[in-house]
Structure formats: structure tokens, C-alpha cells
Amino acid sequence: MATLSIRLGALLLWALLAGCVDKYAPDVIANPSSFLVVDGSINAAGVTSIRLTRTVALQNKGAAPAEAKASVYIEEEGGRRYPLNEAQPGTYRSASLALATGTKVRLRIRTGREQEYGSDFVAVKTTPPIDSVTW
């Protein structure tokens, strides 16, 4: 009988505490800015795929909107450019690339709204092949 009253007391306490929680929604979440989200990496020996989207409010249940009609390319330090074509809205793909190890490259983006973005130049690194996987 004592354990039953302890369980009922704990259940009542939990119900009271759960009912006293206020929802927290700061202004920054209620009025989000539309930041560009870049998802992908440069593939030095193959096809590069980059996905561009925009941020949305946390309350938004839908998918993040794709950033379509942008101009995206990979640029070598010497000026040579490799364009990425829009395969579907917000997804950009290059032709198969063969970038030399040590070459410095960066990603450049110009959105349909005429905003320009560029990463820093970084040296191309070639990942060695995996010789074996064990467990």
C-alpha cells in the first residue's frame, strides 16, 4: 500500500511539473535570416556535387528551400575555372575532374540574387586507397 501511494505521489508531482513548462521561442528564431547553406566537397578525382539551400525557421516543417539558378564553379589559384551545372534545383555537379595534388582550389558561388561567396584557397589532397578493412 505504501509503494502505491509513493507511485501516485510521484505521478501527481510529474503531472504538476509537466504542466508548468513554458514554451521558449526567442525572437531570432521567430524572425530567421535567410542564410546560404553549402553542402558538399570538392572531389579532385571525379564528379563534385554541391547542394545549396537556405535556412528556415525551426517551426517550419517543410524542407529547406533550394537555392536555384546560381552560378557555381571551382577555381584554381592560377585562374582556371571548372563550372558546376545545375542538375536539379539547388544541386550543382561538375564534369569528372582530375585536379593535381597540391594545386590550390576554392569554391565560388554567385546566387540568383547577385550575392557572391568564395571559400579560401586550399591545397588538393589525394586520399590513399584503403588496403583492407577488418573487424
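Remarks
- Taken over the range 115-135, residues that are in contact (Cβ under 8 Å) with a residue 24 or more places away in the chain, assigned to a loop (DSSP other than H, G, I, E, B) and not aliphatic (A, V, I, L, M) amount to 4.
- Residues that are more than 21 Å from Thr127 (Cβ to Cβ), of a type in the set (Val, Ile, Thr) and at pLDDT 95 or above, drawn from the range 54-109: Val72, Thr91, Ile109
- Pick from the range 102-114, criterion part of a loop (DSSP other than H, G, I, E, B) and among the β-branched types (Val, Ile, Thr), ranking: least open to solvent (accessible area, probe 1.4 Å): Thr111
- Tyr117 meets all of the listed conditions (1) over 30 Å from Lys23 (Cα atoms); (2) open to solvent by less than 40 Å² (accessible area, probe 1.4 Å); (3) under 16 Å from the mean Cα position of the chain (by Cα) but one, namely (2).
The values are calculated or read from the model by the stated rules, or taken from the named source; none is laboratory data. All values derive from a computational prediction rather than experimental measurement. Every residue, glycine among them, receives a Cβ derived from its backbone with ideal geometry; neighbour counts consider all protein chains shown. Areas reflect the complete protein model, heavy atoms only, side chains present, ligands, DNA and RNA absent. Shrake-Rupley method; radii C 1.70, N 1.55, O 1.52, S 1.80 Å.
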